[in-house]
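A quick write-up on the structure given underneath.
The values are calculated or read from the model by the stated rules, or taken from the named source; none is laboratory data. Quick caveat: nothing in here was measured; it's all calculated off a predicted structure. Glycine gets a Cβ as well: all are built from the backbone with ideal geometry, and neighbour counts include every protein chain shown. Protein only, heavy atoms only, side chains kept; ligands, DNA and RNA dropped before computing areas. Shrake-Rupley method; radii C 1.70, N 1.55, O 1.52, S 1.80 Å.
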Amino acid sequence: MNTATIIAQEIPDIEKIRRDFPILDTKVNGRPLIYFDNAASTQKPWQVIKAIEHYYTNLNSNVHRGVHYLSQKATDAFEASRRKVASFINAEHDYEVIFTGGTTESINLVAHSFGKQFVKACDTIIISSLEHHSNIVPWQILCEEKNAQLKVIPINEKGELLMDAFKAMLDETVKLVSVNYVSNSLGTINPVREIIELAHSKNIPVMLDAAQAVQHMPVDVQELDVDFLVFSGHKLYGPTGIGVLYGKEKWLNQMPPYQGGGEMIKTVTFEKTTYNELPFKFEAGTPHIEGVICIGAAIDYINEIGLEKIDRYEHELLEYATEKLSEIEGIKFIGTADNKASVVSFNLENIHPYDVGVILDQFGIAVRTGHHCTQPLMDIFAIPGTVRASFAFYNTTVEIDIFVAGVKKAASMLG
Amino acid sequence: MTINEIQDELIEEFELFGDWMEKYENVIQMGKELPVIDVQYKKEENLIKGCQAKVWLHADYKDGKVLFMADSDAIITKGLVSMVIRVLSNHAPEEIVAADLYFVDRVGLREHLSMTRSNGLLSMIKQMKMYAMAIQSKVKAN
Ligand SMILES: Cc1ncc(COP(=O)(O)O)c(C=O)c1O
């Protein structure tokens, strides 16, 4: 049995699934769109698109404020979505789920509020070589402000974290470890259980940037015993502008608010304000109500298919693509970790990734080229960037075949 | 030839191509043919930072005309750069400042001027015009 037939058995309803995503019908230069830029943002199913419309046609009103009918309905839907997110990551309490604008804002919130409370001069924050700029820059800002230091876990040539080096970095100055669960540039799935265990053995909390994890595999914050976990709605088949910060109650309670405003207060006088309880302490102002409700719709959709099944199918796509691409002369994979999510990053010998992206675009194939917001990582590999194809469960082996043919054509045109 | 005559010539050349592949093959070819820029000019000050492809631009002013030399690490960008140089180089500063580069659109490569492409082409054109403008005001001041 070849790989394609195995895959067909895994997701027999692939055609039905594809019909859920109207944008997949797009034509580019007269060819069907092949969307392999899922790590940047995923497409949205009708179930999410309809939920947006439903919100504005039936529920629109401000939340947590009005006694009137609509406000209560909107608030109910809003809080139901918080429960869905909590159960999606198996948080112990709903109020440990804070809605933010995205992964970036979630990380900035923790850098600001955790940093303010717990980080002082000469302390250390640990990140890894694989981080997205959004898990680098907020810590640089914090470290500069506090005169603290940022340390970086090195990687091997396959793009895997060097755990011995990490272990050696864990001294009493370390206040937080913040690493990604899955690398957006290379697809490496990091040994997060081990990272958390090692850090916890020294009483150091851990934050996971799960922006590239929650859409690919089941994530259980209690089982991981992780202290903070962050992700974005738009990479999870939901809307843009909405993100999640999960934090253990004990940390969130000790952290000062991030922004001041409405919603986050209990009482305000000009002399003194007392803050609202969790989660509202960290949700100042009118939230992205439609975003919150529709991230719930996205989670419902994913749950219906099942993350275990998604994980298996995407893994088959990854193996199939890697195998087919390997046949191309002069291809060099960047990121060959043993444990990978459905991301293939590569370069063609003596060809700039940008050029490959331009040619693939002419074939209607959407990939990402460049540094993927991980410039320090590209510097480690001494490359300007990579061509990155990232797969979702609505992608198929047929699309991969067309993509591989496109890469071959690009290689012959550009070489 | 004037700037517009060169642009029209380029547009005519591109009309010969049947499909996008031939068009891009031509752009790539022009990239390969662009005279190699002297390494001394590939320095940090000459680097125009596009997000993805690097472009180096060097300019000289001789006998009332501005001469441009450029390079890029991406071959398609280099081809586009070579077209822009063919159009703008070896003209008086005031002609360069006033030039309306309509050829990019007309040869069907407009998408390369968009911000999201971040290939440095747009910044390069801006830089060329700024350079010409600087010379223009220097000449006037003298
Ligand atoms: C690993 C990782 N972290 C953080 C981010 C930033 O996410 P957002 O732009 O949604 O805030 C991304 C998105 O590209 C990512 O892949």
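Can you pull out every residue in the range A:116-169 that is among the polar types (S, T, N, Q) and open to solvent by less than 10 Å² (accessible area, probe 1.4 Å)?
Answer for the range A:116-169, where residues must be among the polar types (S, T, N, Q) and open to solvent by less than 10 Å² (accessible area, probe 1.4 Å): A:124, A:128, A:135.
Which residue pairs have Cβ atoms closer than 8 Å, lie 6 or more positions apart in sequence or on different chains, and pair a first residue in the range B:81-106 that is within 19 Å of residue B:130 (Cβ to Cβ) and surrounded by fewer than 18 Cβ atoms within 10 Å (Cβ to Cβ) with a second residue that is modelled with pLDDT of 95 or more and among the hydroxyl-bearing types (Ser, Thr, Tyr)?
Filtered contacts from the range B:81-106: B:95/B:2.
Restricting to the range B:1-38, count the residues that are aromatic (Phe, Trp, Tyr), within 14 Å of chain A (Cβ to nearest Cβ) and part of a helix (DSSP H, G or I).
Adding up the residues that qualify gives 2.
Can you name the condition, by its number, that residue A:331 falls short on among (1) within 14 Å of chain B (Cβ to nearest Cβ); (2) more than 26 Å from the chain's Cα centre (by Cα)?
If we test residue A:331 against (1) within 14 Å of chain B (Cβ to nearest Cβ); (2) more than 26 Å from the chain's Cα centre (by Cα), just (1) comes out false.
Hey, which of the helices (runs of 4 or more DSSP H) in the range B:45-142, taking only ones fully inside, have at least 2 residues that are within 13 Å of the chain's Cα centre (by Cα)?
Of the helices (runs of 4 or more DSSP H) lying wholly inside the range B:45-142, those with at least 2 residues that are within 13 Å of the chain's Cα centre (by Cα) span B:75-88, B:103-106, B:121-141.
Those residues that are more than 9 Å from chain B (Cβ to nearest Cβ) and surrounded by fewer than 22 Cβ atoms within 10 Å (Cβ to Cβ), I need them from the range A:350-375; list them, please.
Of everything in the range A:350-375, those that are more than 9 Å from chain B (Cβ to nearest Cβ) and surrounded by fewer than 22 Cβ atoms within 10 Å (Cβ to Cβ) turn out to be A:350, A:363, A:364, A:366, A:373, A:375.
Select, from A:386, A:397, A:336, the only residue that is of a type outside the set (A, V, I, L, M) and closer than 25 Å to residue A:23 by Cα.
A:397
What do you reckon, is residue A:259 under 24 Å from the mean Cα position of the chain (by Cα), away from the ligand (no atom under 16 Å from the Cβ) and not in a loop (DSSP other than H, G, I, E, B)?
Answer is no for this residue.
Say we look at the range A:97-106 and pick out the residues that are within 7 Å of the ligand (Cβ to nearest atom) and in a helix (DSSP H, G or I); which of these is least open to solvent (accessible area, probe 1.4 Å)? It would help to see each step written out before you state the result.
From the range A:97-106, those within 7 Å of the ligand (Cβ to nearest atom) are A:102-105; that's our starting set.
Keeping just the survivors that are in a helix (DSSP H, G or I) gives A:103-105.
On the way: A:103: 9, A:104: 74, A:105: 59 Å².
Top of the filtered list is A:103.
Among the residues of the range A:55-84, count how many are open to solvent by 20 Å² or more (accessible area, probe 1.4 Å), touching a helix residue (DSSP H, G or I) at 6+ places or on another chain (Cβ under 6 Å) and in a helix (DSSP H, G or I).
4
Specify which of the listed residues (A:142, A:170, A:162, A:150) is more than 16 Å from the ligand (Cβ to nearest atom), touching a strand residue (DSSP E or B) at 6+ places or on another chain (Cβ under 8 Å), without any contact (Cβ under 8 Å) to a residue 12 or more places away in the chain and more than 14 Å from chain B (Cβ to nearest Cβ).
Numbers: A:142 fails: without any contact (Cβ under 8 Å) to a residue 12 or more places away in the chain; A:170 fails: without any contact (Cβ under 8 Å) to a residue 12 or more places away in the chain; A:150 fails: without any contact (Cβ under 8 Å) to a residue 12 or more places away in the chain.
On inspection, the qualifying residue turns out to be A:162.
Residues in the range A:75-87: is at least one assigned by TED's automatic domain parsing to the domain that holds residue A:214, closer than 30 Å to residue A:343 by Cα, in contact with a strand residue (DSSP E or B) (Cβ under 8 Å, 6 or more places away or on another chain) and within 16 Å of the ligand (Cβ to nearest atom)?
Checking the range A:75-87: at least one residue is assigned by TED's automatic domain parsing to the domain that holds residue A:214, closer than 30 Å to residue A:343 by Cα, in contact with a strand residue (DSSP E or B) (Cβ under 8 Å, 6 or more places away or on another chain) and within 16 Å of the ligand (Cβ to nearest atom).
So, in the range A:391-409, how many residues would count as being assigned to a helix (DSSP H, G or I) and either in contact with a strand residue (DSSP E or B) (Cβ under 7 Å, 6 or more places away or on another chain) or of a type in the set (Val, Ile, Thr) (or both)?
Number satisfying all stated conditions: 9.
Yes or no: the range A:240-250 includes at least one residue that is among the aromatic types (Phe, Trp, Tyr), in contact with a helix residue (DSSP H, G or I) (Cβ under 8 Å, 6 or more places away or on another chain), within 14 Å of the ligand (Cβ to nearest atom) and at pLDDT 95 or above. Steps first, answer last, please.
Taking the range A:240-250 and keeping what is among the aromatic types (Phe, Trp, Tyr), we get A:246.
Okay, now just the ones that are also in contact with a helix residue (DSSP H, G or I) (Cβ under 8 Å, 6 or more places away or on another chain), so A:246.
This time we only want the ones that are within 14 Å of the ligand (Cβ to nearest atom), so: none.
No: zero hits.
When only residues in the range A:376-398 that are within 28 Å of residue A:312 (Cα to Cα) and open to solvent by 10 Å² or more (accessible area, probe 1.4 Å) count, which is nearest to the other protein chains (Cβ to nearest Cβ)?
Residue satisfying both the conditions and the ranking: A:398.
What pairs come out if I take residues in the range A:192-209 that are in contact (Cβ under 8 Å) with a residue 24 or more places away in the chain and pair them with residues that are open to solvent by 80 Å² or more (accessible area, probe 1.4 Å) and away from the ligand (no atom under 15 Å from the Cβ) whose C-beta lies under 7 Å away, six or more apart or interchain?
A:198/A:167
Six or more apart or on different chains, Cβ atoms under 9 Å: show the pairs whose first residue is in the range A:234-262 and within 14 Å of chain B (Cβ to nearest Cβ) and more than 17 Å from residue A:109 (Cβ to Cβ) and whose second is within 15 Å of the ligand (Cβ to nearest atom) and among the acidic types (Asp, Glu).
none
Taking residue B:54 as the residue in question, decide whether it is within 30 Å of residue A:28 (Cα to Cα), modelled with pLDDT of 90 or more and within 13 Å of chain A (Cβ to nearest Cβ).
no
Condition check: at pLDDT 95 or above, in a helix (DSSP H, G or I), of a type in the set (D, E, K, R) and within 30 Å of residue A:348 (Cβ to Cβ). Does residue A:290 satisfy that?
no
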